[in-house]
Amino acid sequence: MKRVTVEATCFTPAQFPTEELPEIVVAGRSNVGKSSLINVLLGTKLAHVGGTPGKTRSINFYRVEDGDERPAFRLVDLPGYGYAARSKAEKKDWLRLISAYVEQRKALRLVCHLVDFRHGLLANDRELQEWFVQQGKQLLVVFTKADKLPKGQWRSRVQQYVREGLYSVDVPIVTSAEKRAGVEELQNFIVKFLTP
Ligand SMILES: Nc1nc2c(ncn2[C@@H]2O[C@H](COP(=O)(O)OP(=O)(O)OP(=O)(O)O)[C@@H](O)[C@H]2O)c(=O)[nH]1
Ligand SMILES: [Mg+2]
């Protein structure tokens, strides 16, 4: 993923850029590792990463151009959900911003739903999945922070989480931003997904 530019940092829907490219959005609970994974996917440090939940407050659009043969697209970083320390007013703003994006955006092709590999899908992850499915969106589950579990457990964990039930257009991808695991697999998936 070669040429990467920040196209927009949006705190209100009016700031969203025009829908000229397909968009892949990265969604998930606060602190699950959305911005970290975007950085390793893009090979940049553009997305802000934080030790405390609630680091990303805006919807951030990254334009990715990857040579002539590969389709250009946008990667979209969302503020996380489930961050309890947020005030009521902030939660309302968050919901308004995210809803506007998810419910109106025609360019949105795929939701990469990031889930902490140690915990699997929690109640609010399931709510998020239901909402995206109701909106007719395609979801791919991407597990994060896999470095926190021994590699010997990875396969059986995925099988367990799939058995417990989840929506995903394909077999979930196991990643670690820290160890750069699963990054190429996810890049390849995105390119294939966008290629007609
Ligand atoms: N061990 C490990 N830690 C990770 C990994 N990815 C992210 N982290 C850590 O998890 C914390 C949160 O990462 P972020 O990328 O900011 O998470 P986020 O989902 O963007 O969080 P919000 O913007 O608050 O929603 C940071 O301290 C990261 O260093 C990973 O693959 N392995
Ligand atoms: Mg973030």
Self-check item: Where Rh is the Kirkwood radius over Cα pairs, Rg/Rh for the chain
Solution: 0.93
Quiz item: What distance in nm separates the simple spin-label points at HIS48 and GLN160, each placed 7 Å from Cα in the Cβ direction?
Solution: 3.6
Practice problem: Could you grab the relative contact order for the stretch 1-103? Cα pairs under 8 Å, six or more apart, rounded to a whole percent. | Solution: 35
Quiz item: To the nearest 500 deg cm²/dmol, what mean residue ellipticity at 222 nm is calculated for the chain from DSSP H runs of n ≥ 4 alone, each contributing -39,500 (n - 2.57), summed and divided by the residues?
Solution: -9500 deg cm²/dmol
Practice problem: With a 1.4 Å probe and every protein chain kept in, tell me what percent of the accessible surface of the stretch 3-194 is carbon plus sulfur. | Solution: 49
Quiz item: Can you list the HN-Hα couplings for the stretch 149-159, worked out from phi with the Karplus curve (6.51, -1.76, 1.60; θ = phi - 60°), rounded to whole Hz and with x for Gly and Pro?
Solution: 10, x, 4, x, 8, 4, 4, 5, 4, 4, 4
Self-check item: Amide proton proximity set for ARG29, modelled H, under 5 Å, gap of 5+
Solution: TYR81
Quiz item: What do you get when you divide the Cα radius of gyration of the stretch 1-109 by 2.2 N^0.38 Å, with N the number of residues?
Solution: 1.05
Quiz item: Restricting to the chain, what percent of DSSP beta bridges are antiparallel, rounded to 5?
Solution: 40
Exercise. For GLU127 and LEU95, compute 0.36 nm times the residue count separating them, minus their Cα-Cα distance, and round to one decimal in nm.
Key: 10.2 nm
Quiz item: Dividing the alpha-carbon radius of gyration of the stretch 59-155 by 2.2 N^0.38 Å (N being the number of residues), what value is obtained?
Solution: 1.26
Quiz item: Rolling a 1.4 angstrom probe over the protein heavy atoms, how many square angstrom per residue are accessible across the chain?
Solution: 51
Practice problem: Please give every one of the lysines within straight-line cross-link reach of LYS148, meaning a C-alpha to C-alpha distance under 19 Å, and leave out same-chain neighbours fewer than 8 residues apart. | Solution: LYS34, LYS179
Quiz item: Taking the Cβ of GLY80 as the center, what net charge do the other residues with Cβ under 15 Å away carry, scoring Lys and Arg +1 and Asp and Glu -1?
Solution: +1
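The values are calculated or read from the model by the stated rules, or taken from the named source; none is laboratory data. What you see is a predicted model; the values in this text were computed from it and never measured. No Cβ is skipped: glycine too gets one built from the backbone with ideal geometry, and neighbour counts run over all protein chains shown. Remember, those area values only see protein heavy atoms, side chains included, never the ligands or the DNA or RNA. Shrake-Rupley method; radii C 1.70, N 1.55, O 1.52, S 1.80 Å.
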